[in-house]
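> Below is a structure I'd like to ask you about.
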Amino acid sequence: MPTIEELINKFASAGLSGLALDIDSTSADTAYILVEKGFEEFGNPYNMSARDVIEQYRYLQDIPFWPHDKIEEFINYWCYNSDFQKDIPLIERASEFIWKIDAIIKILLHLSARPPIVYPGTYYWMQNKDIPKVDLRFSTPEEGHLNNRNEYKARELLELYPYILGIIDDHPELLSYFPYDYEGTIFVFDYKEKHTHPRAICCSDWEHTFYEVKKRFAV
Ligand SMILES: [Mg+2]
């Protein structure tokens, strides 16, 4: 896995700048797959579709009809399984619009808060999905996986600026670690509400994300 220093040196010497992409629930439909697995494990008392569950609760930890004391263990089981990552499907239309975005401003990095142990499975995934084959980095140290993940990621994005000019990421909490004078852009993916951070651009889906990226970066 490339270090931050290696990435900075590489981008600087090649004169590159571009965007980073989050993986889970941004390019990869991880939550959907996990909700399906959760139905098998914990049940689906209201007969909801996995899509409706994500739409309504967004995070697995917030699904009220699953046992709270078991959800974290369940998430960890899959999150730490490298083979599981290999074939997680892409989010609907993600590939199409990621490539359209890439034609306007280069996607330079897949930046995730996954635990380091699933790097090989994730690398395999990137190589085998129709997305840019670029650097892949996990920003979270082994012990900090579930706590402070957004703080670690924000710190790295701040270090990577101005080579990495922003990220497309589904987690609105990420914004809370960026100072208001950050000059990059955080495209908050699949987020229909407003966000108060001046550098947040909320995007409802991939088509909308493309529209907003184009507005800012097309020459
Ligand atoms: Mg995510």
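The values are calculated or read from the model by the stated rules, or taken from the named source; none is laboratory data. Treat the numbers as computed from the prediction; the structure is a model and nothing was measured. All Cβ positions, glycine included, derive from the backbone under ideal geometry; neighbour counts span all protein chains shown.
> Output the qualifying pairs, or none if there are none: Cβ atoms under 8 angstrom, residues six or more apart or on different chains, first residue in region 86-100 and in contact (Cβ under 8 Å) with a residue 12 or more places away in the chain, second residue assigned to a loop (DSSP other than H, G, I, E, B) and small (Gly, Ala, Ser).
From region 86-100, the pairs are Leu90/Ser27; Ile91/Ser25; Ile91/Ser27; Ala94/Ser27; Ile98/Ser27.
> Determine which member of the set Ser112, Ser95 is modelled with pLDDT of 95 or more, among the polar types (S, T, N, Q), under 21 Å from Phe187 (Cβ atoms) and crowded, with 21+ Cβ neighbours inside 10 Å.
On the way: Ser95 fails: crowded, with 21+ Cβ neighbours inside 10 Å.
Going through Ser112, Ser95 in turn, just one is modelled with pLDDT of 95 or more, among the polar types (S, T, N, Q), under 21 Å from Phe187 (Cβ atoms) and crowded, with 21+ Cβ neighbours inside 10 Å: Ser112.
> Can you name the residue in region 156-179 that is over 23 Å from Ala31 (Cβ atoms) and part of a loop (DSSP other than H, G, I, E, B) and is also farthest from the ligand (Cβ to nearest atom) among such residues?
Only one residue fits best here, namely Pro162.
> Every residue in region 162-199 that is of a type in the set (D, E, K, R) and closer than 23 Å to Lys106 by Cα, please. Lay out the reasoning, then the answer.
So the first thing to find is which residues in region 162-199 are of a type in the set (D, E, K, R), and the list is 169-170, 173, 181, 183, 190, 192-194, 199.
Within region 162-199, Asp169, Asp170, Glu183, Asp190, Arg199 qualify.
> Which of (1) away from the ligand (no atom under 16 Å from the Cβ); (2) closer than 27 Å to Tyr57 by Cα; (3) of a type in the set (Lys, Arg) is the odd one out, the single condition Lys153 does not satisfy?
Evaluating Lys153 over (1) away from the ligand (no atom under 16 Å from the Cβ); (2) closer than 27 Å to Tyr57 by Cα; (3) of a type in the set (Lys, Arg) leaves (1) as the failure.
> Report the residue count in region 14-39 for those that are touching a strand residue (DSSP E or B) at 6+ places or on another chain (Cβ under 8 Å) and either free of Cβ contacts under 8 Å to residues at least 60 places away in the same chain or not hydroxyl-bearing (Ser, Thr, Tyr) (or both). Walk me through how you get there before you give the answer.
Filtering region 14-39 down to residues touching a strand residue (DSSP E or B) at 6+ places or on another chain (Cβ under 8 Å) leaves 16-31.
Narrowing further to those that are either free of Cβ contacts under 8 Å to residues at least 60 places away in the same chain or not hydroxyl-bearing (Ser, Thr, Tyr) (or both): 16, 18-24, 28-31.
Residues that pass the stated criteria total 12.
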